[in-house]
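Step one of this worksheet: look at the structure below.
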Amino acid sequence: MVTAELAAVLPAIVFVLAVALNAVAIGIDQIRCVDAARMAARSASRGDSPAQISDIGRRAAPGGATVLLRPVADAVEVTVSTQPPGPFGWLIGNHRLSGSVIAPLERSP
């Protein structure tokens, strides 16, 4: 009796486990996008070149991420975005994961 019921429920258990693991991967990549944007914004505020800033952001971000720089008055805005990992992107409505940070430009004495 129990074996037949377990065999009937096992695919649902595997599916729920796969969705849960993909949700964790999405959360980790979201945090990595925010951290990458923070690191790149810090580099931009010091006056590093755009190539160095993008390189720093891409190294810290999940694979395939894009790094966008935008000047804002006396600051710089850095946005890092990527596609959600795994087959369950619908968990977040098929939106891109992104992190955005605005950092003031440092002045030389």
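None of the figures in this text is laboratory data; all of them are computed from the coordinates on show. A quick note: this is a predicted structure, and the numbers were derived from the prediction, not measured. Ideal geometry is used to build each Cβ from the backbone, glycine not excepted, and the neighbour counts take in all protein chains shown.
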In degrees, nearest 10, range 0 to 90: what is the angle between the Cα axis of helix 50-60 and the longest Cα principal axis of the chain? 30
Working from Cα positions, state the angle (0 to 90°, nearest 10) between the long axis of helix 2-45 and the longest principal axis of the chain. 0
From the C-alpha gyration tensor of the chain, pull out the three semi-axes of the equivalent ellipsoid (sqrt of 5λ each), sorted largest to smallest, in whole Å. 42, 10, 10
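Which of the peptides 47-57, 73-83, 33-43 is most tightly packed, and how do the rest follow, going by the mean number of other Cβ atoms within 10 Å of each residue? Intermediate values should be presented prior to the final figure.
Numbers: 47-57: 16.2, 73-83: 18.3, 33-43: 22.1.
Highest to lowest by the protection proxy: 33-43, 73-83, 47-57.
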What length, rounded to one decimal in nm, is gained on full extension from residue 15 through to residue 55, with 0.36 nm per residue of separation minus their alpha-carbon distance? 10.7 nm
Which residues in region 59-79 place their backbone N less than 18 Å from a point set 7 Å from the Cα of residue 31 along the Cα-to-Cβ direction? 60-63
Which length gain, in nm to one decimal place, applies between residue 23 and residue 92 when the Cα-Cα distance is subtracted from 0.36 nm times their residue separation? 23.9 nm
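Please say if region 68-108 is rounded, prolate or oblate, where rounded means a/c under 1.5 for a ≥ b ≥ c the square roots of the C-alpha gyration tensor eigenvalues, and otherwise the choice is prolate for a/b larger than b/c and oblate otherwise? Mind dumping the intermediate values first?
On the way: a/c = 4.94, a/b = 4.13, b/c = 1.20.
Prolate.
Normalised by the residues of the chain, what does the relative contact order come to in percent, with Cα pairs under 8 Å and at least six apart? Write down the numbers at each step before the final one.
Numbers: 166 pairs, mean separation 32.2, N = 109.
Reported as a whole number, the value is 30 percent.
Helix-only mean residue ellipticity at 222 nm, the chain, DSSP H runs n ≥ 4 weighted -39,500 (n - 2.57), per residue, nearest 500. What is it?
Working: 2 runs with 55 residues, N = 109.
Result for the chain: -18000 deg cm²/dmol, rounded to the nearest 500.
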